[in-house]
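Below is one structure, written out as structure tokens; the observations come after it.
The numbers here are math on the coordinates, done by the rules we state, and not lab data. On a predicted model such as this, the values are computed, not experimentally measured, just so you know. Heads up, the Cβs are rebuilt from the backbone with ideal geometry, glycines too, and the neighbour counts pull from every protein chain shown.
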Amino acid sequence: MISCFFVEHRRAEQVEFPFVRRTELIPLDTLYTEADTELFGRLREDRRFERKSVGIHTQNLGDYLSMFANSAPDGGMIAIGIEDDGPISGCLRADPKHLNELERSGDIYCPDARYQSKRVTVRNASDEDDFVLLFRVQYRPDKVVETTRGDAFIKRGESKRKLNDDEKRELRIAKHEVDLEQESCPLSYPEDFDLNLIHQFANNFRRNANVT
């Protein structure tokens with residue numbers, strides 16, 4: 001019995017269980033710093049990460065910069081040169097002018113977004129040397145970030161969602177960009193108020209506070 005236990009114990013010692021961290025648990029800044037072919041193969045689109053082919057229009061990229069800049073708590077990353085279903089198509093064969101415009105898309109279409117970008121060397125789906133254009137977009141807690149068209153977006157799950165005017169106003173209040181008490185009221189007194197309810201409220205307040 002003892003020898004059998006010893007053999008089984010030795011076998012157990014030879015088994016290795018490499019620990020691979022789930023990418024969802026790795027901070028975005030670490031993902032941005034350590035990005036490579038292997039990491040792009042593990043990353044899946046979620047609330048923090050978007051994959052786009054190099055053919056994306058620069059104006060559309062501005063929408064995604066707005067989206068992550070408005071998405072708490074950490075913003076997100078956009079990888080240009082990866083197809084929606086995962087293969088790395090790369091950016092090497094793209095028109096250099098288009099690549100330059102992509103890298104400047106924030107300045108042109110979403111100037112309030114705070115981001116950095118870099119070209120990450122990868123092996124593409126054809127096993128060739130290539131690169132991916134990677135953006136790290138920071139969340140802005142102080143401002144609703146709009147595009148130059150006046151649109152603002154937010155990330156909900158895996159979807160990009162355009163905010164309407166009321167939602168933008170609520171987000172500005174939440175970010176303390178607008179003082180709720182200083183917002184203008186469209187109602188006119190006394191035409192738009194129920195005076196009976198006002199008198200009833202005042203009488204109840206006086207009675208409860210013993211005010212004469």
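Here are some notes:
- The length gained on full extension between E191 and A174, counted as 0.36 nm times the residue separation minus their Cα-Cα distance, comes to 3.0 nm.
- For the peptides 51-59, 156-164, the ranking by packing is 51-59, 156-164, with the highest mean count of neighbouring Cβ atoms within 10 Å listed first.
- Here the calculated FRET efficiency for E101 and T148, from their Cβ-Cβ distance with R0 = 25 Å, stands at 0.95, rounded to the nearest 0.05.
- Each label point was placed 7 Å from the Cα along the Cα-to-Cβ direction; for E34 and Q116 their separation is 1.7 nm.
- Relative contact order of region 15-138, pairs being alpha-carbon contacts under 8 Å that are 6 or more residues apart, as %: 28 percent
- Pairs from the table (K52/K168; K97/K160; K97/K155; K155/K175; K118/K162) lying more than 23 angstrom apart at Cα are K52/K168; K97/K160; K97/K155; K118/K162.
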